[in-house]
Amino acid sequence: MIEHLKKCAQAVLEGDDRQAEKLARLTLDKDYPLLEVIDKGFVKGIREVGRLWEEGTLFLPELVMGAEAMKKAMAILQPALESGGHEQTKAGLVVIGTIEGDIHDIGKTLVATMLSANGFGILDLGADVPVQRFVDEAEGKKADCIAISALLTTTMPGQKKVIEELDRRSLRDRIKVIVGGAPCDEKWALDIGADGYAGDAVAAVALAGRVIGG
Amino acid sequence: MEPVILDKFSVKIAANEVIRYLENGKRASSGQIKRFQGVLDLSLDRAGVLVRPRGIYVIAPGKSLPGSSLFRELERMAFCVCTIGPALEKEVKRLMDRDQLLEAVILDAAGSVAAEAVASHIDGIFKEQAAAEGLKTSCRASPGYGDWDVGEQKSLFALLPAGRIGVELSPSCMMIPRKSISFAVHIDRNPVRLRSENSCENCDLDICPFRITDR
(Lines give C-alpha, C1' and ligand atoms only; values in the text may rest on other atoms or scores of the structure.)
Protein backbone atom coordinates (compact mmCIF):
# COMPACT_ATOMS: atom_id res chain seq x y z
CA MET A 1 0.00 0.00 0.00
CA ILE A 2 2.78 2.44 0.92
CA GLU A 3 4.46 1.66 -2.39
CA HIS A 4 1.18 2.31 -4.21
CA LEU A 5 0.79 5.70 -2.51
CA LYS A 6 4.33 6.63 -3.49
CA LYS A 7 3.66 5.67 -7.11
CA CYS A 8 0.47 7.77 -7.16
CA ALA A 9 2.31 10.83 -5.88
CA GLN A 10 5.17 10.24 -8.30
CA ALA A 11 2.84 9.91 -11.32
CA VAL A 12 1.38 13.35 -10.62
CA LEU A 13 4.78 14.85 -9.88
CA GLU A 14 6.11 13.55 -13.19
CA GLY A 15 2.99 14.63 -15.03
CA ASP A 16 2.49 11.07 -16.26
CA ASP A 17 -1.25 11.05 -16.94
CA ARG A 18 -1.32 7.47 -18.30
CA GLN A 19 0.41 6.14 -15.19
CA ALA A 20 -1.90 8.23 -12.97
CA GLU A 21 -4.96 6.74 -14.71
CA LYS A 22 -3.50 3.23 -14.45
CA LEU A 23 -2.86 3.67 -10.73
CA ALA A 24 -6.34 5.10 -10.19
CA ARG A 25 -7.85 2.00 -11.86
CA LEU A 26 -5.60 -0.27 -9.81
CA THR A 27 -6.84 1.50 -6.68
CA LEU A 28 -10.39 0.46 -7.58
CA ASP A 29 -9.43 -3.06 -8.68
CA LYS A 30 -7.52 -3.75 -5.46
CA ASP A 31 -10.15 -2.03 -3.37
CA TYR A 32 -7.59 0.21 -1.70
CA PRO A 33 -9.06 2.80 0.69
CA LEU A 34 -10.04 5.63 -1.66
CA LEU A 35 -9.68 8.58 0.65
CA GLU A 36 -6.24 7.46 1.74
CA VAL A 37 -5.02 6.95 -1.83
CA ILE A 38 -6.32 10.38 -2.82
CA ASP A 39 -5.00 12.22 0.20
CA LYS A 40 -1.66 10.47 0.79
CA GLY A 41 -0.99 9.63 -2.86
CA PHE A 42 -2.35 11.91 -5.57
CA VAL A 43 -2.91 15.02 -3.42
CA LYS A 44 0.58 14.67 -1.98
CA GLY A 45 1.89 14.67 -5.58
CA ILE A 46 0.01 17.79 -6.67
CA ARG A 47 1.09 19.64 -3.52
CA GLU A 48 4.69 18.82 -4.34
CA VAL A 49 4.11 20.10 -7.90
CA GLY A 50 2.87 23.39 -6.41
CA ARG A 51 5.81 23.60 -4.04
CA LEU A 52 8.35 23.00 -6.81
CA TRP A 53 6.62 25.58 -9.00
CA GLU A 54 6.83 28.19 -6.24
CA GLU A 55 10.48 27.31 -5.79
CA GLY A 56 11.02 27.92 -9.52
CA THR A 57 12.17 24.34 -10.14
CA LEU A 58 9.31 23.46 -12.49
CA PHE A 59 8.47 25.33 -15.65
CA LEU A 60 5.02 25.86 -17.03
CA PRO A 61 4.61 22.66 -19.11
CA GLU A 62 5.51 20.57 -16.05
CA LEU A 63 2.95 22.38 -13.91
CA VAL A 64 0.28 21.81 -16.55
CA MET A 65 1.14 18.13 -16.93
CA GLY A 66 1.05 17.58 -13.16
CA ALA A 67 -2.38 19.17 -12.94
CA GLU A 68 -3.66 17.17 -15.89
CA ALA A 69 -2.41 13.88 -14.43
CA MET A 70 -4.17 14.72 -11.16
CA LYS A 71 -7.42 15.57 -12.94
CA LYS A 72 -7.36 12.33 -14.93
CA ALA A 73 -6.81 10.22 -11.83
CA MET A 74 -9.62 12.00 -10.02
CA ALA A 75 -11.97 11.56 -12.97
CA ILE A 76 -11.64 7.79 -12.40
CA LEU A 77 -11.80 7.90 -8.60
CA GLN A 78 -14.54 10.51 -8.14
CA PRO A 79 -17.50 8.37 -9.32
CA ALA A 80 -16.40 5.51 -7.06
CA LEU A 81 -16.00 7.95 -4.23
CA GLU A 82 -19.53 9.24 -4.69
CA SER A 83 -21.20 5.88 -5.28
CA GLY A 84 -19.42 4.44 -2.24
CA GLY A 85 -20.91 7.13 -0.05
CA HIS A 86 -17.47 8.45 0.88
CA GLU A 87 -17.30 12.07 1.83
CA GLN A 88 -14.15 13.60 0.48
CA THR A 89 -13.59 16.98 2.05
CA LYS A 90 -14.28 19.46 -0.73
CA ALA A 91 -12.04 22.46 -0.75
CA GLY A 92 -14.99 24.63 -1.87
CA LEU A 93 -16.77 25.68 -5.04
CA VAL A 94 -15.14 28.42 -7.09
CA VAL A 95 -16.88 30.28 -9.93
CA ILE A 96 -14.16 31.51 -12.27
CA GLY A 97 -14.02 33.62 -15.41
CA THR A 98 -12.46 36.52 -17.27
CA ILE A 99 -14.41 39.73 -16.84
CA GLU A 100 -16.54 41.22 -19.60
CA GLY A 101 -14.74 43.11 -22.34
CA ASP A 102 -11.77 40.80 -21.99
CA ILE A 103 -11.37 37.60 -23.99
CA HIS A 104 -8.01 36.47 -22.59
CA ASP A 105 -8.59 32.91 -21.57
CA ILE A 106 -5.50 30.83 -21.10
CA GLY A 107 -4.26 32.18 -17.75
CA LYS A 108 -7.70 31.82 -16.25
CA THR A 109 -7.95 28.26 -17.60
CA LEU A 110 -4.61 27.41 -15.96
CA VAL A 111 -5.90 28.71 -12.63
CA ALA A 112 -9.12 26.69 -13.04
CA THR A 113 -7.11 23.55 -13.83
CA MET A 114 -4.86 23.95 -10.80
CA LEU A 115 -7.81 24.66 -8.51
CA SER A 116 -9.60 21.58 -9.83
CA ALA A 117 -6.47 19.45 -9.42
CA ASN A 118 -6.30 20.61 -5.81
CA GLY A 119 -9.81 19.50 -4.95
CA PHE A 120 -11.86 22.64 -5.56
CA GLY A 121 -15.14 22.36 -7.39
CA ILE A 122 -14.94 24.60 -10.45
CA LEU A 123 -17.56 26.38 -12.51
CA ASP A 124 -15.62 27.93 -15.38
CA LEU A 125 -17.71 30.61 -17.08
CA GLY A 126 -15.09 31.27 -19.77
CA ALA A 127 -14.09 34.73 -20.99
CA ASP A 128 -15.98 37.99 -21.51
CA VAL A 129 -18.29 37.21 -18.58
CA PRO A 130 -20.80 39.93 -17.57
CA VAL A 131 -20.82 41.11 -13.94
CA GLN A 132 -24.39 39.89 -13.39
CA ARG A 133 -23.56 36.40 -14.62
CA PHE A 134 -20.69 35.99 -12.15
CA VAL A 135 -23.03 36.84 -9.31
CA ASP A 136 -26.06 34.93 -10.66
CA GLU A 137 -24.03 31.73 -11.04
CA ALA A 138 -22.29 32.08 -7.68
CA GLU A 139 -25.59 32.72 -5.94
CA GLY A 140 -27.45 29.96 -7.78
CA LYS A 141 -24.76 27.33 -7.23
CA LYS A 142 -24.05 28.49 -3.67
CA ALA A 143 -20.40 29.02 -4.53
CA ASP A 144 -17.85 29.83 -1.86
CA CYS A 145 -15.68 32.05 -3.99
CA ILE A 146 -15.58 34.01 -7.25
CA ALA A 147 -12.21 34.21 -9.04
CA ILE A 148 -12.06 37.03 -11.59
CA SER A 149 -9.35 37.51 -14.17
CA ALA A 150 -8.71 40.81 -15.98
CA LEU A 151 -5.84 41.32 -18.39
CA LEU A 152 -6.47 44.95 -19.27
CA THR A 153 -6.52 48.15 -17.25
CA THR A 154 -9.74 48.99 -19.09
CA THR A 155 -11.51 45.85 -17.86
CA MET A 156 -10.20 45.78 -14.28
CA PRO A 157 -13.06 47.98 -12.99
CA GLY A 158 -15.38 45.05 -13.80
CA GLN A 159 -13.81 43.16 -10.88
CA LYS A 160 -14.93 45.94 -8.56
CA LYS A 161 -18.42 45.87 -10.06
CA VAL A 162 -18.76 42.17 -9.18
CA ILE A 163 -17.99 43.02 -5.54
CA GLU A 164 -20.49 45.88 -5.62
CA GLU A 165 -23.15 43.58 -7.03
CA LEU A 166 -22.46 41.01 -4.29
CA ASP A 167 -22.82 43.81 -1.75
CA ARG A 168 -26.07 44.96 -3.34
CA ARG A 169 -27.49 41.45 -3.03
CA SER A 170 -26.16 41.07 0.52
CA LEU A 171 -24.01 38.13 -0.55
CA ARG A 172 -20.60 39.58 0.14
CA ASP A 173 -20.23 38.01 3.59
CA ARG A 174 -20.82 34.56 2.18
CA ILE A 175 -19.01 34.68 -1.18
CA LYS A 176 -15.30 35.49 -1.24
CA VAL A 177 -13.70 37.26 -4.20
CA ILE A 178 -10.17 36.77 -5.48
CA VAL A 179 -8.63 38.61 -8.43
CA GLY A 180 -5.78 38.08 -10.85
CA GLY A 181 -4.37 39.12 -14.22
CA ALA A 182 -1.38 41.09 -15.45
CA PRO A 183 -2.42 44.61 -14.37
CA CYS A 184 -3.74 43.53 -10.94
CA ASP A 185 -1.78 43.45 -7.70
CA GLU A 186 -2.27 43.30 -3.92
CA LYS A 187 -3.00 47.01 -3.73
CA TRP A 188 -5.71 46.78 -6.40
CA ALA A 189 -7.33 43.89 -4.52
CA LEU A 190 -7.27 45.95 -1.33
CA ASP A 191 -8.60 49.08 -3.07
CA ILE A 192 -11.64 47.31 -4.51
CA GLY A 193 -12.34 45.28 -1.37
CA ALA A 194 -11.46 41.86 -2.78
CA ASP A 195 -10.33 39.11 -0.43
CA GLY A 196 -7.01 38.72 -2.17
CA TYR A 197 -4.85 38.75 -5.28
CA ALA A 198 -2.91 35.84 -6.77
CA GLY A 199 -0.08 36.27 -9.27
CA ASP A 200 -0.20 32.77 -10.70
CA ALA A 201 -2.14 29.49 -10.66
CA VAL A 202 -0.31 27.99 -7.70
CA ALA A 203 -0.70 31.15 -5.64
CA ALA A 204 -4.40 31.10 -6.53
CA VAL A 205 -4.76 27.62 -4.99
CA ALA A 206 -3.20 28.77 -1.72
CA LEU A 207 -5.23 31.99 -1.72
CA ALA A 208 -8.54 30.26 -2.44
CA GLY A 209 -7.84 27.78 0.34
CA ARG A 210 -7.07 30.62 2.73
CA VAL A 211 -10.07 32.79 1.98
CA ILE A 212 -12.58 29.95 1.86
CA GLY A 213 -11.12 28.37 4.97
CA GLY A 214 -11.72 31.67 6.67
CA MET B 1 -0.03 59.94 -45.02
CA GLU B 2 -1.45 57.09 -47.10
CA PRO B 3 -1.40 53.88 -44.99
CA VAL B 4 0.84 51.10 -46.25
CA ILE B 5 -0.21 47.46 -45.94
CA LEU B 6 2.39 44.72 -45.57
CA ASP B 7 1.24 41.16 -46.06
CA LYS B 8 3.89 39.43 -48.11
CA PHE B 9 6.41 38.45 -45.52
CA SER B 10 7.04 35.65 -43.10
CA VAL B 11 8.60 35.47 -39.66
CA LYS B 12 10.67 32.88 -37.87
CA ILE B 13 9.33 31.64 -34.53
CA ALA B 14 12.41 31.01 -32.41
CA ALA B 15 12.07 27.91 -30.23
CA ASN B 16 14.23 29.45 -27.49
CA GLU B 17 11.89 32.43 -27.29
CA VAL B 18 8.88 30.13 -26.92
CA ILE B 19 10.66 28.33 -24.09
CA ARG B 20 11.41 31.67 -22.43
CA TYR B 21 7.67 32.42 -22.29
CA LEU B 22 7.15 29.10 -20.50
CA GLU B 23 9.89 29.52 -17.92
CA ASN B 24 9.23 30.32 -14.30
CA GLY B 25 11.93 32.72 -13.19
CA LYS B 26 14.73 30.25 -13.87
CA ARG B 27 16.09 28.89 -17.13
CA ALA B 28 14.61 25.51 -18.02
CA SER B 29 17.30 22.82 -18.14
CA SER B 30 18.02 20.90 -21.33
CA GLY B 31 16.53 17.82 -19.65
CA GLN B 32 13.29 19.67 -18.92
CA ILE B 33 13.09 21.00 -22.46
CA LYS B 34 13.81 17.56 -23.90
CA ARG B 35 10.70 16.16 -22.19
CA PHE B 36 8.55 18.59 -24.15
CA GLN B 37 10.56 18.66 -27.35
CA GLY B 38 7.91 16.68 -29.24
CA VAL B 39 5.03 18.99 -28.26
CA LEU B 40 7.24 22.02 -28.82
CA ASP B 41 8.21 20.90 -32.32
CA LEU B 42 4.59 20.11 -33.14
CA SER B 43 3.49 23.52 -31.85
CA LEU B 44 6.13 25.30 -33.92
CA ASP B 45 5.00 23.39 -37.02
CA ARG B 46 1.36 24.21 -36.26
CA ALA B 47 2.19 27.86 -35.68
CA GLY B 48 4.11 27.98 -38.95
CA VAL B 49 0.90 27.02 -40.76
CA LEU B 50 -1.48 29.16 -38.68
CA VAL B 51 0.44 32.43 -38.47
CA ARG B 52 -0.42 34.91 -41.19
CA PRO B 53 1.64 38.07 -40.63
CA ARG B 54 0.12 41.36 -41.71
CA GLY B 55 0.75 44.95 -40.84
CA ILE B 56 -0.49 48.43 -41.63
CA TYR B 57 1.45 51.60 -40.98
CA VAL B 58 1.59 55.27 -41.73
CA ILE B 59 4.48 57.73 -41.49
CA ALA B 60 3.07 61.00 -40.18
CA PRO B 61 3.75 63.91 -37.80
CA GLY B 62 3.09 63.13 -34.13
CA LYS B 63 0.29 65.69 -34.04
CA SER B 64 -1.70 63.69 -36.58
CA LEU B 65 -2.71 61.14 -33.94
CA PRO B 66 -6.31 62.26 -33.40
CA GLY B 67 -7.28 63.29 -29.88
CA SER B 68 -3.78 62.67 -28.49
CA SER B 69 -1.15 65.17 -27.46
CA LEU B 70 1.51 62.65 -26.48
CA PHE B 71 3.65 62.95 -29.61
CA ARG B 72 2.52 66.40 -30.79
CA GLU B 73 6.04 67.87 -30.64
CA LEU B 74 7.55 65.11 -32.74
CA GLU B 75 7.82 65.81 -36.44
CA ARG B 76 7.98 62.34 -37.88
CA MET B 77 6.48 59.20 -36.44
CA ALA B 78 5.67 55.74 -37.73
CA PHE B 79 2.36 54.39 -36.40
CA CYS B 80 1.66 50.69 -36.92
CA VAL B 81 -0.80 47.89 -36.16
CA CYS B 82 0.27 44.35 -36.97
CA THR B 83 -1.04 40.85 -36.33
CA ILE B 84 -0.53 37.14 -36.83
CA GLY B 85 -4.22 36.74 -37.73
CA PRO B 86 -6.98 34.81 -35.96
CA ALA B 87 -6.20 31.19 -36.91
CA LEU B 88 -3.68 30.42 -34.15
CA GLU B 89 -5.86 31.62 -31.31
CA LYS B 90 -8.82 29.69 -32.71
CA GLU B 91 -6.66 26.57 -32.58
CA VAL B 92 -5.60 27.38 -29.00
CA LYS B 93 -9.27 27.67 -28.04
CA ARG B 94 -10.06 24.37 -29.77
CA LEU B 95 -7.24 22.65 -27.87
CA MET B 96 -8.43 24.11 -24.55
CA ASP B 97 -11.98 22.97 -25.25
CA ARG B 98 -10.61 19.45 -25.84
CA ASP B 99 -8.71 19.58 -22.53
CA GLN B 100 -5.36 19.59 -24.32
CA LEU B 101 -4.05 22.33 -22.08
CA LEU B 102 -0.36 21.54 -22.53
CA GLU B 103 -0.59 21.85 -26.31
CA ALA B 104 -2.72 24.99 -25.93
CA VAL B 105 -0.26 26.67 -23.59
CA ILE B 106 2.74 25.97 -25.82
CA LEU B 107 0.95 27.01 -29.02
CA ASP B 108 -0.22 30.20 -27.32
CA ALA B 109 3.38 30.98 -26.35
CA ALA B 110 4.44 30.36 -29.97
CA GLY B 111 1.76 32.84 -31.05
CA SER B 112 3.09 35.49 -28.67
CA VAL B 113 6.60 35.00 -30.04
CA ALA B 114 5.27 35.21 -33.60
CA ALA B 115 3.40 38.47 -32.90
CA GLU B 116 6.56 39.96 -31.44
CA ALA B 117 8.51 38.80 -34.50
CA VAL B 118 5.98 40.48 -36.81
CA ALA B 119 6.33 43.78 -34.93
CA SER B 120 10.12 43.47 -34.98
CA HIS B 121 10.08 42.79 -38.71
CA ILE B 122 8.10 45.96 -39.44
CA ASP B 123 10.17 47.95 -36.96
CA GLY B 124 13.20 46.76 -38.94
CA ILE B 125 11.68 48.23 -42.09
CA PHE B 126 11.32 51.60 -40.34
CA LYS B 127 14.96 51.39 -39.23
CA GLU B 128 16.13 50.65 -42.78
CA GLN B 129 14.06 53.46 -44.27
CA ALA B 130 15.33 55.89 -41.66
CA ALA B 131 18.95 54.80 -42.14
CA ALA B 132 18.65 55.42 -45.90
CA GLU B 133 17.97 59.05 -45.03
CA GLY B 134 20.68 59.24 -42.37
CA LEU B 135 18.08 59.05 -39.61
CA LYS B 136 17.44 56.73 -36.67
CA THR B 137 14.36 55.38 -34.93
CA SER B 138 13.41 55.30 -31.28
CA CYS B 139 12.44 52.03 -29.63
CA ARG B 140 8.85 50.92 -30.04
CA ALA B 141 6.19 52.44 -27.82
CA SER B 142 2.78 50.86 -27.37
CA PRO B 143 -0.52 52.01 -25.87
CA GLY B 144 -0.81 50.61 -22.36
CA TYR B 145 2.91 51.01 -21.62
CA GLY B 146 4.38 53.85 -19.57
CA ASP B 147 2.54 57.13 -20.07
CA TRP B 148 0.67 56.07 -23.23
CA ASP B 149 -2.81 55.23 -21.97
CA VAL B 150 -4.32 52.07 -23.43
CA GLY B 151 -7.46 54.14 -24.15
CA GLU B 152 -5.47 55.86 -26.90
CA GLN B 153 -5.71 52.69 -28.95
CA LYS B 154 -8.82 54.46 -30.21
CA SER B 155 -6.67 57.32 -31.55
CA LEU B 156 -4.35 54.89 -33.25
CA PHE B 157 -7.23 53.01 -34.83
CA ALA B 158 -8.77 56.30 -35.96
CA LEU B 159 -5.54 57.06 -37.79
CA LEU B 160 -4.96 53.57 -39.16
CA PRO B 161 -7.70 51.56 -40.94
CA ALA B 162 -6.54 48.38 -39.23
CA GLY B 163 -9.73 46.61 -40.29
CA ARG B 164 -8.03 46.28 -43.68
CA ILE B 165 -5.63 43.75 -42.13
CA GLY B 166 -8.39 42.15 -40.08
CA VAL B 167 -7.68 43.81 -36.71
CA GLU B 168 -10.58 45.35 -34.78
CA LEU B 169 -10.67 47.21 -31.50
CA SER B 170 -13.14 46.15 -28.81
CA PRO B 171 -14.94 48.76 -26.66
CA SER B 172 -12.42 47.95 -23.90
CA CYS B 173 -9.56 48.76 -26.31
CA MET B 174 -8.50 45.17 -26.76
CA MET B 175 -7.26 44.23 -30.19
CA ILE B 176 -8.94 41.30 -31.87
CA PRO B 177 -7.21 39.02 -32.86
CA ARG B 178 -5.42 39.13 -29.50
CA LYS B 179 -2.06 38.30 -31.01
CA SER B 180 -1.78 41.78 -32.48
CA ILE B 181 0.58 44.60 -31.58
CA SER B 182 0.15 48.34 -32.05
CA PHE B 183 3.11 50.64 -31.76
CA ALA B 184 4.76 53.89 -32.69
CA VAL B 185 8.36 54.92 -33.24
CA HIS B 186 9.92 58.36 -33.54
CA ILE B 187 12.06 58.90 -36.63
CA ASP B 188 14.69 61.60 -36.35
CA ARG B 189 18.39 62.40 -36.44
CA ASN B 190 18.23 62.12 -32.64
CA PRO B 191 15.06 60.22 -31.78
CA VAL B 192 13.65 60.83 -28.32
CA ARG B 193 13.37 58.10 -25.73
CA LEU B 194 9.63 57.53 -25.55
CA ARG B 195 8.49 56.91 -22.01
CA SER B 196 6.07 54.32 -23.26
CA GLU B 197 8.80 52.28 -24.92
CA ASN B 198 8.20 48.59 -24.48
CA SER B 199 11.63 47.38 -25.39
CA CYS B 200 13.73 45.19 -23.09
CA GLU B 201 16.89 47.09 -23.95
CA ASN B 202 15.40 50.20 -22.41
CA CYS B 203 14.07 48.51 -19.31
CA ASP B 204 16.01 48.61 -16.06
CA LEU B 205 14.51 45.41 -14.67
CA ASP B 206 17.49 43.18 -15.36
CA ILE B 207 16.06 40.18 -13.52
CA CYS B 208 12.75 40.16 -15.44
CA PRO B 209 12.01 36.58 -16.54
CA PHE B 210 10.56 37.91 -19.79
CA ARG B 211 13.67 39.85 -20.69
CA ILE B 212 14.86 39.12 -24.23
CA THR B 213 18.48 38.04 -24.09
CA ASP B 214 20.84 35.95 -26.15
CA ARG B 215 20.61 32.41 -24.86
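The values are calculated or read from the model by the stated rules, or taken from the named source; none is laboratory data. Predicted, not measured: the structure shown is a model, and the values here were computed from it. Methodologically, a virtual Cβ is constructed for each residue, glycine included, from the backbone with ideal geometry; neighbour enumeration extends over all protein chains shown. Heavy atoms of the whole protein, side chains included, go into the accessibility calculation; ligands, DNA and RNA do not. Shrake-Rupley method; radii C 1.70, N 1.55, O 1.52, S 1.80 Å.
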Hits in the range B:102-129 (condition: at the interface with another protein chain (Cβ under 9 Å from one of its Cβ atoms) and either over 26 Å from A:E62 (Cβ atoms) or surrounded by fewer than 22 Cβ atoms within 10 Å (Cβ to Cβ) (or both)): none
Residue tally, condition touching an Asp or Glu at 6+ places or on another chain (Cβ under 8 Å), within 11 Å of chain A (Cβ to nearest Cβ) and not in a strand (DSSP E or B), over the range B:164-178: 4
Evaluation of A:E55 against (1) open to solvent by 70 Å² or more (accessible area, probe 1.4 Å); (2) on the phi > 0 side of the Ramachandran plot; (3) within 14 Å of another protein chain (Cβ to nearest Cβ) (one fails), failing number: (2)
Residue count for the range B:15-29, restricted to those that are more than 16 Å from B:L42 (Cβ to Cβ) and of a type in the set (A, V, I, L, M, F, W, C): 1
Residue that is farthest from the chain's Cα centre (by Cα) [pool: residues in the range A:83-99 that are surrounded by 21 or more Cβ atoms within 10 Å (Cβ to Cβ) and not small (G, A, S)]: A:I99
Residue within the range B:75-95 that is at the interface with chain A (Cβ under 10 Å from one of its Cβ atoms) and in a loop (DSSP other than H, G, I, E, B) present: no
Selection count where residues are open to solvent by 50 Å² or more (accessible area, probe 1.4 Å) and within 13 Å of chain A (Cβ to nearest Cβ), scope the range B:148-158: 2
Restricting the range B:162-179 to residues that are open to solvent by 10 Å² or more (accessible area, probe 1.4 Å) and touching a strand residue (DSSP E or B) at 6+ places or on another chain (Cβ under 7 Å), the residue that is modelled with the lowest pLDDT: B:S170
All positions within the range B:16-33 that are without any contact (Cβ under 8 Å) to a residue 24 or more places away in the chain and more than 10 Å from chain A (Cβ to nearest Cβ): B:S30, B:G31
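I'm checking my understanding of the structure. Among residues of the range A:100-112 that are closer than 17 Å to A:T155 by Cα and more than 9 Å from chain B (Cβ to nearest Cβ), which one is surrounded by the most Cβ atoms within 10 Å (Cβ to Cβ)?
For the range A:100-112, the residue satisfying everything is A:K108.
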